[in-house]
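Notes for the one structure printed next.
The values are calculated or read from the model by the stated rules, or taken from the named source; none is laboratory data. Keep in mind the model is a prediction, meaning the values are calculated, not measured. Note that we place each Cβ from the backbone using ideal geometry, even for glycine, and neighbour counts take in every protein chain shown. Heads up: the accessible areas ignore ligands, DNA and RNA and are worked out on the full protein's heavy atoms, side chains in. Shrake-Rupley method; radii C 1.70, N 1.55, O 1.52, S 1.80 Å.
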Amino acid sequence: MAQARGLGKRYVKAFFKGFFVAVPVTVTFLDRVACVARVEGASMQPSLNPGGRQASDVVLLNHWSIRNYDVQRGDIVSLV
């Protein structure tokens, strides 16, 4: 019984250790490098959501290119 309690305590400790490392790394990555966004509606048709479907398309927003001023003609730019 005591061994099982110690094992459970070890798993909880490892979970929280990983959690407190993974969350800041993930937030920093999504803020500085890239994030995933969903495109809904007719604003980007026919390139995205072709044919008037009700489903939405998923795009990767590259923050890295914007920070390095690497925007070229034909790129889709998202403003918030």
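Taken as a whole, the structure places residue 6 among residues that are open to solvent by less than 60 Å² (accessible area, probe 1.4 Å) and outside any strand (DSSP E or B). Of all residues in segment 8-53, those satisfying the criterion of being within 28 Å of residue 64 (Cβ to Cβ) and either in contact with a strand residue (DSSP E or B) (Cβ under 7 Å, 6 or more places away or on another chain) or hydroxyl-bearing (Ser, Thr, Tyr) (or both) are 26, 28, 34, 35, 36, 37, 38, 39, 43, 47, 48, 49. May I ask you to list pairs of residues, at least six apart or on different chains, whose Cβ atoms are under 7 Å apart, with the first in segment 51-80 being farther than 13 Å from residue 41 by Cβ and the second being open to solvent by 90 Å² or more (accessible area, probe 1.4 Å) and in a helix (DSSP H, G or I)? From residues that are farther than 13 Å from residue 41 by Cβ, the pairs are 63/32.
Of the residues contained in segment 51-67, one or more are found to be of a type in the set (D, E, K, R), in a helix (DSSP H, G or I) and surrounded by 10 or more Cβ atoms within 10 Å (Cβ to Cβ). The residues of segment 31-50 that are open to solvent by 80 Å² or more (accessible area, probe 1.4 Å) and assigned to a helix (DSSP H, G or I), listed by number, are 31, 32. For residues in segment 68-80 being under 24 Å from residue 28 (Cα atoms) and either part of a helix (DSSP H, G or I) or not acidic (Asp, Glu) (or both), which is modelled with the lowest pLDDT? Step by step, filter segment 68-80, then rank; the result is 80.
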